[in-house]
Amino acid sequence: MGAYTLTSTFFSATPTPTVSRYGRSKSSVSNFLSPHKSPNCLPAIFLALRNPSLCNSLKSNSDHPSSFDKLSHPKSPISSALDSLFVLCTSIALSFSLFIADVDLASAFVVTAPRKLQSDELATVRLFQDNTPSVVYITNLAVRQDAFTLDVLEVPQGSGSGFVWDKQGHIVTNYHVIRGASDLRVTLADQTTYDAKVVGFDQDKDVAVLRVEAPKDKLRPIPVGVSADLLVGQKVYAIGNPFGLDHTLTTGVISGLRREISSAATGRPIQDVIQTDAAINPGNSGGPLLDSSGNLIGINTAIYSPSGASSGVGFSIPVDTVGGIVDQLVKFGKVTRPILGIKFAPDQSVEQLGVSGVLVLDAPAEGPAGKAGLLPTKRDVYGRLILGDIITSVNGKKVANGSDLYRILDQCKVGDTVMVEVLRGDHKEKIPVILEPRADIS
């Protein structure tokens, strides 16, 4: 209706052409020839549209006065009525066409520009597209027996993420993702699912390696980077399947380096952990943490949150630690990490005694410490508690708690001889101990 009102205003306000003494219309012919006065030339245009022969004569003899004879004569009342009727019909037709068109009148004249992404957005999109095929979804299945039918069923008891390590079908994830599973299933990015077998795991560092019999053309190993040169503040990207959702990307920065967390399985400390504010939720465990180049720099393994959801403090095991563990698991199916062969008391118990160190509760005779002569805690014939040796240092490095002891042993190798200083009674002794590998765990 707006178009009809505007058109009617133009035509009703335009005066009837008058004839000059030279035979030309002052208000229509001269304005028709002047392109800068477009509103006044509309009557002449509509007359030309009604009379095609007039339009031709304008083109051929535009400089001759006789070319405008048809415009210079006064109009009869019938001709004026026909002109008004023509204008009215044209306006109604235009308004009706806009009314019936299934287009918003405001947006009909708006040209939408193509979507343009910034360079950093394009880089993030490309990183997600390039690395998603390397990320897998892992389902942990457990055997359950129905209480009524006594049928044995496999039911999902947990899920997590992982990533393709090589073309041989090795999948890397966290140990706590597969712990307690009777069967495991791995879903690739193309939604194909395969049964997985456990190649090996390291409970102390919360790393596990699986293997699937999938075609090599479906396996895309993730590019492996380094974590030794990371800096606080650089961008990182986490890809996983939080809460069982399909591939999800979260971004953030490295919030801290050289953090220490405890293994969910053994409580043994994991050193040099990466802290990030990229959102990590249940289901992200075992997924990759990538740098801005799309290279693997860590495995997302834990979050710090009282509620169990992401609170902006996530932890990833650095790839430099993971690489050596995975190589041993692929080659030998286990990690040969040295041990002292002792069981020690909780740190709080030692603090109550007013001493600093690690109290030996048990030292089996077949273990390294037992062979070297370390004394365990025991009771005498009257039931009184006799404290065992308290380890205060190893190789000259102070041991104040269990984490210190593990940290020192992580720097040693199987077969190394370490000098263990213990507090025995009211005096200190130094005892050499030959480190041995951990016994196989089924």
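Site pair GLN191 and LYS334 shows an inter-label distance of 4.2 nm when each label is modelled 7 Å from Cα along Cα→Cβ.
Here's how it looks for GLY200: its modeled amide H is under 5 Å from those of VAL209, which are all 5 or more places away or on a different chain. 3J(HN,Hα) along the stretch 170-178: 6, 10, 9, 8, 7, 5, 5, 6, 9 Hz, from the Karplus curve 6.51 cos²θ - 1.76 cosθ + 1.60 with θ = phi - 60°, whole Hz, x for Gly and Pro.
Listed from fewest to most Cβ neighbours within 10 Å, the set ARG438, ARG185 follows the order ARG438, ARG185. The label-point distance for ALA400 and SER79, in a model that sets each label 7 Å from Cα toward Cβ, rounds to 11.0 nm. FRET efficiency for the THR132 to TYR382 pair, using the beta carbon distance and R₀ = 60 Å, is estimated at 0.35. The phi torsions of the stretch 275-284, fed into the Karplus equation with coefficients 6.51, -1.76 and 1.60 and a -60° offset, translate into couplings of 9, 9, 9, 5, 4, 10, 10, x, x, 6 Hz, rounded to whole numbers, with Gly and Pro shown as x. Annotation: amide H-H contacts under 5 Å for VAL253 (H modelled 1.01 Å from N, sequence separation of 5 or more, or interchain): VAL236, ASP277, ALA278.
The phi torsions of the stretch 410-421, fed into the Karplus equation with coefficients 6.51, -1.76 and 1.60 and a -60° offset, translate into couplings of 5, 8, 9, 10, 4, x, 5, 9, 10, 9, 9, 9 Hz, rounded to whole numbers, with Gly and Pro shown as x. Sorting the segments 209-220, 163-174 by their mean number of nearby beta carbons within 10 angstrom, highest to lowest, gives 163-174, 209-220.
Between ILE431 and VAL420, GLU421, VAL422, the built amide H atoms are under 5 Å apart, and every one of these is 5 or more places off in sequence or on another chain.
Quick note: the coordinates plus some simple rules give every number you see, no bench work behind them. Everything numeric in this text was worked out from a predicted model, so none of it was measured. Backbone-built Cβ (ideal geometry, glycine too); neighbour counts: all protein chains shown.
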